[in-house]
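Trainee: The following block contains the structure, expressed as structure tokens.
The values are calculated or read from the model by the stated rules, or taken from the named source; none is laboratory data. All values derive from a computational prediction rather than experimental measurement. As a convention, Cβ positions derive from the backbone with ideal geometry for all residues, glycine included, and neighbour counts pool all protein chains shown.
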Amino acid sequence: MSDLQFPPESAWRPLLEIALAEDIGTGDVTSRVSLSPDATSTARIESRQPMVVCGLPLVAEVFRSVDPSLEIQLETEDGKSVTADAPLLRLRGCVHSIMAGERLALNFLGRLAGVATYTRQYVDAVAGNGAAIVDTRKTLPGWRLLDKYAVLAGGGTNHRIGLFDGILLKDNHIAAAGGVGLAVKRAKQNAPDGMFVQCEVESLEHALEAYEAGADMLLLDNQTPDQLRAIAAACPDGLVLEASGGITLDNVREISTTGVQRISIGALTHSAPVVDVALEMETEGEARG
């Protein structure tokens, strides 16, 4: 997926610096006591399971940060599906440097590819039904743009990035404002130009009330497929409907047939299994120095 745009450096550089300091600290004592200081080798990072690749630019930056002299070659690109044992990235240079960056690189890659792979499972499950798979703000703190990038790599769609770039009236907003209609009307009156207003609703009655008050999008929370169909049938075509709550791989395809255009799933980023990736040295003779 060559059209993927990796997040700007400001989104991940502080996290990378913290992670490097956390793992390396005063230095890799195991390599220092067991390997020649001038030992060199080649190594590869490979998949150990079928997966959607995600995070290779960050993996490369891990090793550049440890040792700018390392030679780094990407063997694939983010967004690609690969089989088990596929080479993802190759390295050549100082063994101490390769070993120092190994675990952090695999941690980043395993999580980001895990989110992308899990997202792709949902995307494939609804294929042909026209519903987008959408993420939420249920991301690992500090990882927001990385997690959302991984969703894109898996074929999903990003919801708002944070509280600043979209209006979503949740149940607590509605309760504090005095009801669905009042909350939506106030939001529409005060919203910045061009910013959509989405409202969470839990019934057909509230869905129609939110629409009549001017909502651009409805979040249909914890509704059964039959309830979703009823709301979709009663609302005009121009109103965007998003199903949320209790979505699993077992029921997502049925939900995608109800007339909703979007299905948001917090599990994409808070419960995606980490994929199995590994780094293997390729020339042990050189590694011994």
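Trainee: Quick one: in region 104-135, which of the residues that are touching a Ser or Thr at 6+ places or on another chain (Cβ under 6 Å) and surrounded by fewer than 20 Cβ atoms within 10 Å (Cβ to Cβ) is farthest from Ala278 (Cα to Cα)?
Mentor: Once the filter is applied, the top-ranked residue is Asn129.
Trainee: Taking Lys138 as the residue in question, decide whether it is charged (D, E, K, R), under 25 Å from Ser256 (Cβ atoms) and in a loop (DSSP other than H, G, I, E, B).
Mentor: Yes.
Trainee: Here's a follow-up. Inspect region 235-255 for any residue being within 22 Å of the chain's Cα centre (by Cα), closer than 27 Å to Leu163 by Cα, at pLDDT 95 or above and basic (Lys, Arg) and give the result as yes or no.
Mentor: Within region 235-255, not a single residue is within 22 Å of the chain's Cα centre (by Cα), closer than 27 Å to Leu163 by Cα, at pLDDT 95 or above and basic (Lys, Arg).
Trainee: Filter region 194-231 down to the residues that are buried (at least 16 other Cβ atoms within 10 Å of the Cβ) and touching a Lys or Arg at 6+ places or on another chain (Cβ under 6 Å) and list them by number.
Mentor: Scanning region 194-231 gives Val197, Glu200, Ala213.
Trainee: Sticking with this one: Return yes when Glu212 is farther than 30 Å from Gly114 by Cβ and either out of contact with any strand residue (DSSP E or B) (no Cβ under 8 Å at 6 or more places or on another chain) or polar (S, T, N, Q) (or both) and no when it is not.
Mentor: Against the criterion (farther than 30 Å from Gly114 by Cβ and either out of contact with any strand residue (DSSP E or B) (no Cβ under 8 Å at 6 or more places or on another chain) or polar (S, T, N, Q) (or both)), Glu212 qualifies.
Trainee: Could I ask something else about it? Report yes if Ala278 is modelled with pLDDT of 95 or more, assigned by TED's automatic domain parsing to the domain that holds Asp147 and over 22 Å from Phe164 (Cα atoms), otherwise no.
Mentor: In short, no.
Trainee: Write out, first by first residue and then by second, each pair whose Cβ atoms fall under 8 Å of each other, whose residues are 6+ apart or on separate chains, and whose first residue, in region 175-192, is closer than 19 Å to Phe164 by Cα while the second is surrounded by 11 or more Cβ atoms within 10 Å (Cβ to Cβ) and basic (Lys, Arg).
Mentor: Taking only residues 6 or more apart or on different chains, not a single pair turns up.
Trainee: Select from region 45-95 the residues that are surrounded by 21 or more Cβ atoms within 10 Å (Cβ to Cβ) and over 24 Å from the mean Cα position of the chain (by Cα) and list them in ascending order.
Mentor: Val66, Leu91, Val95
A quick yes/no check of all residues on (1) hydroxyl-bearing (Ser, Thr, Tyr); (2) under 10 Å from the mean Cα position of the chain (by Cα); (3) in the same structural domain as Pro57 (by TED's automatic domain parsing):
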site	(1), (2), (3)
Thr139	yes, yes, no
Asp147	no, yes, no
Ala150	no, yes, no
Ala153	no, yes, no
Gly162	no, no, no
Asp165	no, no, no
Leu169	no, no, no
